[in-house]
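Worksheet for the structure shown next.
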Amino acid sequence: QCLYQFLAFVPPSNESLRKPGTASVMVDTQRPLTLLLNSSVGDRDLCKIQYHFGEFGNYSLVVKTLSTSNQTVSCDLIINEGPINSYLPILFAFLVYMGILALLIAGRLLMKIDAVRNWVYKKLNPRATDRMINSELGSPNTTDSINCDPAPQSWSSGSRQRLRSLDTFRGLSLVIMVFVNYGGGKYWFFKHESWNGLTVADLVFPWFVFIMGTSIALALGSMLRWGSSKWKILRKIIWRSFVLILLGIIVVNPNYCLGPLSWDNLRIPGVLQRLGFTYLVVAALELLFTRADSGTWEGRFPALQDILPYWPQWIFILVLETIWLCLTFLLPVPDCPRGYLGPGGIGDFGKYPNCTGGAAGYIDRLLLGEKHMYQHPSSGVIYQSTMPYDPEGILGTINSIVMAFLGLQAGKITLFYKDQPKQIMSRFIIWGIVMGVISAILTKCSKEEGFIPINKNLWSVSYVTTMSCFAFILLLLIYYLVDVKKWWSGAPFLYPGMNSILVYIGHQVFANYFPFKWKMQDSQSHAEHLAQNLTATTLWVIISYILYRKRIFWKI
């Protein structure tokens, strides 16, 4: 439902020279386009063609007049030069990484042979080698970490091992996030969706919020078992939230691209800001109702022991979601239809050009001011919207709290059913199905036609339920492979997952420095962009592995 945009004027043909009129244009190849040919006399629609053009292809739209009396024309699309296969660099990169993985697995298997292992021991320092092998699959002890927590986030008490699946899940989300932020090889599916729908880039942030909620449940329970008072924990929660928000505003701020930071146009919302505020609300909510002893609940429905004792939390979350729904669909927005969820610009046939985001955008512009919001939203790419819109705005933060709370529920399941992997996995499956069903109802299994479409910019409730469905299923798979069967150590995602704040801030601060970025020979080449972005992402994984080996973990 986009308003037609002027593309080119084709001059009339020269009858004396028998030379047709021509016009050359460049068109987008991300989505199918509709080309509408109008007559300059009478503004009649002569022909309409819908076609999905290929990258670097060369095409001709040949228009011939069949009848001058009734202005009948024929339009034929001719492929002069076929498009390139832009996905070959991805295939090549996949084969390279699979080759590296095969070599590592082969090396691990060879090290199990006594003769090979003894030969390696003789060549290397025995003490260093022993430490290397033991640390490769082992978890760091609390005494090895430089974390100042009285009880680290996911350390387990006694002889229980750290849940490596949580760090692996967090690390997987972070690695994809770093790759996407560095450009994702300039592929459209590694960029955020312009408005409704999902791409790979839209998956990672909510997963990060989800696993943060899971870690909250484990961390608070551990701190209370270690004897920390709730007031002391609350002070730490407030301090951690404050530091995250401060880092987001001062350190990781896109306005540095415009020069020195200016308070006149300082962007207030952001990723770390939303993480900090979400953490504050969810951690404080959990601290208010959690118990040091998470034993079996002696109620009427023992199968719901991870839900029923916390009914005030659920009421609070339902009230928050009701507030989001009421503001989104009932708040009057000047010059916009009530309940508008569209991108503005040329969307909806250009009827509401200044209504980007509806109530969410209006609240941010009203409370924050246009200069303190994100100035280049993804909706501008397709829908040519000109209004500033912040995807980490105020209204969407409500649903990020809901997302973290669902992650908190995953943590409670892990605590209440410890040493019962079948119970844990069955509940993950149930929660995944429930969230998936809710998403199907809200979206009508459609990208555009549902009651509430999936939208990352708005952080719509259907986006939260869909991402939660994926998160529960993905966490189930990782938990089964890493912690239950121990078929996978979690490497290499485990390492950035244990230093997530450092990797996230580091990759933002050093994004434009060598060796994370360099001048390319061909800026239109997917292969060069992909090589650069994968190199930068791999370097951060290597850095996090070195820090892991040296037992350096930066936690706020």
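The values are calculated or read from the model by the stated rules, or taken from the named source; none is laboratory data. Treat the numbers as computed from the prediction; the structure is a model and nothing was measured. Heads up, the Cβs are rebuilt from the backbone with ideal geometry, glycines too, and the neighbour counts pull from every protein chain shown. These accessible areas exclude ligands, DNA and RNA; they are computed on the full protein's heavy atoms, side chains included. Shrake-Rupley method; radii C 1.70, N 1.55, O 1.52, S 1.80 Å.
For the reader, a short list of remarks on this structure follows.
- Spin-label pair Phe349-Glu321: with each label point 7 Å from Cα along the Cα-Cβ axis, the two points sit 3.5 nm from one another.
- In the assembled protein chains, Thr22 presents an accessible area of approximately 110 Å² (probe radius 1.4 Å).
- Going by accessible surface with a 1.4 Å probe and the largest first, His376, His529, His52 read His376, His52, His529.
- Value of [θ]222 nm, deg cm²/dmol, for the chain, DSSP H segments ≥ 4, -39500 (n - 2.57) each, nearest 500: -15500 deg cm²/dmol
- Over 24 Å apart at the Cα level, from the set Lys236/Lys371; Lys232/Lys418; Lys412/Lys550; Lys191/Lys519, are Lys236/Lys371; Lys232/Lys418; Lys412/Lys550.
- Values of log10 I(q)/I(0) for region 1-84 across q = 0.26 Å⁻¹ run -1.58, by the Debye formula with one identical scatterer at each alpha carbon and no solvent.
- Per-bin percent of Cα-Cα distances, region 317-450 [10 Å]: 11, 31, 30, 17, 9, 2
- Here the gap between Lys123 and Leu308, fully extended at 0.36 nm per residue and compared with their Cα-Cα distance, gives a gain of 60.6 nm.
- For Trp459, net neighbour charge (Lys/Arg +1, Asp/Glu -1) across residues whose Cβ lies under 15 Å away: -4
- Fraction of accessible area attributable to carbon and sulfur, region 1-84 (%, probe 1.4 Å): 52 percent
- A simple spin-label model places pseudo-atoms 7 Å from Cα toward Cβ; at Trp239 and Trp488 they are separated by 3.6 nm.
- In a simple Cβ point-charge model (Lys, Arg +1; Asp, Glu -1; nothing else charged), the chain has a dipole of about 2060 debye relative to its Cα centre.
- FRET efficiency, 1/(1 + (r/R0)^6) with R0 30 Å, evaluated for Arg338 and Lys186 via beta carbons: 0.20
- All other residues whose Cβ lies under 11 angstrom from that of Asn399 are scored, Lys and Arg at +1 and Asp and Glu at -1, for a net of +1.
- Restricting the calculation to Cα atoms, the chain yields a radius of gyration followed by a Dmax of 27.4, 96 Å.
- Label-to-label distance, Gln50 versus Ile105, with points set 7 angstrom from Cα along the beta-carbon direction: 4.3 nm.
- Entry comment: accessible area of the chain is 53 Å² per residue, from protein heavy atoms only and a probe of 1.4 Å.
- Contact order normalised by residue count of the chain, Cα under 8 Å, 6+ apart, percent: 18 percent
- Within-15-Å neighbourhood charge of Val381 [Cβ basis; K, R +1; D, E -1]: +1
- Once you reduce region 306-362 and region 506-541 to the center of their Cα atoms, the two points are 37 Å from each other.
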